[in-house]
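Chemist: Below you will find the structure I want to go over with you.
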């Protein structure tokens, strides 16, 4: 649990720091004065001034922040002010954090593929890649199925069925099929824990025969050379960006139609719980999890919503279309309202996390302090 907490802080800190570093580099590149680049969040521990910038070390170790001169619209006539720069330069500065998050994900995937990252495979994939270690894992658990009732989870590795060692998806399916509706013993590996579970197949809606209600796949560590890793990393990054954008469209539709954020949306507590799960699976999963979080952070920030980077880009575009800036007072008020709505959403999602993960959080705290 302690390792998971430390990992969560380091991962979140890395993602926010890289995001703010993007803003910092872009601002400096365009000659904009950066008043402060903070490591962590205030209160400040110490700071040192180099040129016009204070580099500060702060007490809350969750990333960092950049204070850019003129970001709130001040000093429009000063050459080193953000507000004095052209619209396209301001858009690049505002978007640079998002681009850095995407680039971090690409580099993490590429580095991972160089040394080996877990990939979902079919039996044929495993044969073609000549993988000696590609265990059969549960990739899906149907709701209200015998598997769900027995406590099986996505990610569980199936070691054997009725003492028959499982070496392929086909073998696991055939062995389960032969059991018909008899109670069936499964030996599983969940992280570092070995489990023995009994599940009884039964007929479910849409099934032609008794099933336990799981999807199976092979997971193996696949590695490539450096050039191939860079290409595979880019493919993985683009694919995940598209998938997350589609998920946000679905989330927005739910918010507008039902006022619900959906059961699959997680806040900081949910991310912390998931961090604990991936830490138990191994470093390779931590790498892919960090890459996914980095893409999530980037997409969230580029949404055209007040108080986010995308919202600020929207105001720059409105200014460009109107030919004059939006009133600083009105823009500030809109961003403050947007920030309040984001806080409200965070409260709702955090409450949902507590309801969903309350038992795991409590047991983790007991373990940590016992």
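The values are calculated or read from the model by the stated rules, or taken from the named source; none is laboratory data. None of these values were measured; they are calculated from a predicted model. Note that each Cβ is placed from the backbone with ideal geometry, even for glycine, and that neighbours are counted across all protein chains shown.
Chemist: For region 37-60, state whether one or more residues are touching a residue at least 40 places away in the same chain (Cβ under 8 Å) and either part of a loop (DSSP other than H, G, I, E, B) or on the phi > 0 side of the Ramachandran plot (or both).
Modeler: Just the residues of region 37-60 that are touching a residue at least 40 places away in the same chain (Cβ under 8 Å), to begin with: none.
No, because not a single residue in region 37-60 is touching a residue at least 40 places away in the same chain (Cβ under 8 Å) and either part of a loop (DSSP other than H, G, I, E, B) or on the phi > 0 side of the Ramachandran plot (or both).
Chemist: Restricting attention to region 265-272, does a residue exist that is modelled with pLDDT of 85 or more, under 17 Å from the mean Cα position of the chain (by Cα) and crowded, with 20+ Cβ neighbours inside 10 Å? Walk me through it before giving the result.
Modeler: Restricting attention to region 265-272, the residues satisfying the condition of being modelled with pLDDT of 85 or more are none.
Within region 265-272 (the criterion being modelled with pLDDT of 85 or more, under 17 Å from the mean Cα position of the chain (by Cα) and crowded, with 20+ Cβ neighbours inside 10 Å), the answer is no, since none of the residues qualifies.
Chemist: Within the group 122, 163, 139, 145, which residue is in the same structural domain as residue 216 (by TED's automatic domain parsing) and within 14 Å of residue 199 (Cβ to Cβ)? Even if it seems obvious, please write down each step before you answer.
Modeler: On the way: 122 fails: within 14 Å of residue 199 (Cβ to Cβ); 163 fails: within 14 Å of residue 199 (Cβ to Cβ); 139 fails: within 14 Å of residue 199 (Cβ to Cβ).
Going through 122, 163, 139, 145 in turn, just one is in the same structural domain as residue 216 (by TED's automatic domain parsing) and within 14 Å of residue 199 (Cβ to Cβ): 145.
Chemist: Would a scan of region 345-357 turn up a residue that is at pLDDT below 90 and buried (at least 19 other Cβ atoms within 10 Å of the Cβ)? Please lay out each step first, then the result.
Modeler: The initial filter retains those residues of region 345-357 that are at pLDDT below 90, namely 345-357.
Among the residues that remain, those that are also buried (at least 19 other Cβ atoms within 10 Å of the Cβ) are: 352-353.
Yes, region 345-357 contains a residue that is at pLDDT below 90 and buried (at least 19 other Cβ atoms within 10 Å of the Cβ).
Chemist: Let me ask another. With the requirement that a residue be farther than 25 Å from residue 116 by Cβ and within 31 Å of the chain's Cα centre (by Cα), what does region 166-196 give you?
Modeler: Residues satisfying the conditions are 187, 195.
Chemist: When residue 304 is evaluated against the numbered criteria (1) more than 13 Å from residue 95 (Cα to Cα); (2) at pLDDT 85 or above; (3) not in a helix (DSSP H, G or I), which criterion, by number, is the only one it fails?
Modeler: (1)
Chemist: Still on this structure, please answer the following. Would you kindly identify the helices (runs of 4 or more DSSP H) lying entirely within region 72-171 that contain at least 3 residues that are buried (at least 19 other Cβ atoms within 10 Å of the Cβ) and either touching a helix residue (DSSP H, G or I) at 6+ places or on another chain (Cβ under 7 Å) or free of Cβ contacts under 8 Å to residues at least 12 places away in the same chain (or both)? Working first, answer last.
Modeler: On the way: elements: 87-115, 123-128, 146-149.
Hits in region 72-171: 87-115.
Chemist: What are the residues in region 314-355 that are outside any helix (DSSP H, G or I) and either closer than 19 Å to residue 70 by Cβ or touching a strand residue (DSSP E or B) at 6+ places or on another chain (Cβ under 8 Å) (or both), if any? Quick ask: steps written out before the conclusion?
Modeler: Within region 314-355, the first condition is being outside any helix (DSSP H, G or I), and the residues that meet it are 323-327.
The answer is 324, 325, 326, 327.
Chemist: Further question on the same structure: Scan region 223-236 for residues that are more than 18 Å from residue 105 (Cβ to Cβ) and outside any helix (DSSP H, G or I) and jot them down.
Modeler: The first filter runs over region 223-236 and keeps only residues more than 18 Å from residue 105 (Cβ to Cβ), leaving 223, 225, 227.
Selection gives 223, 225.
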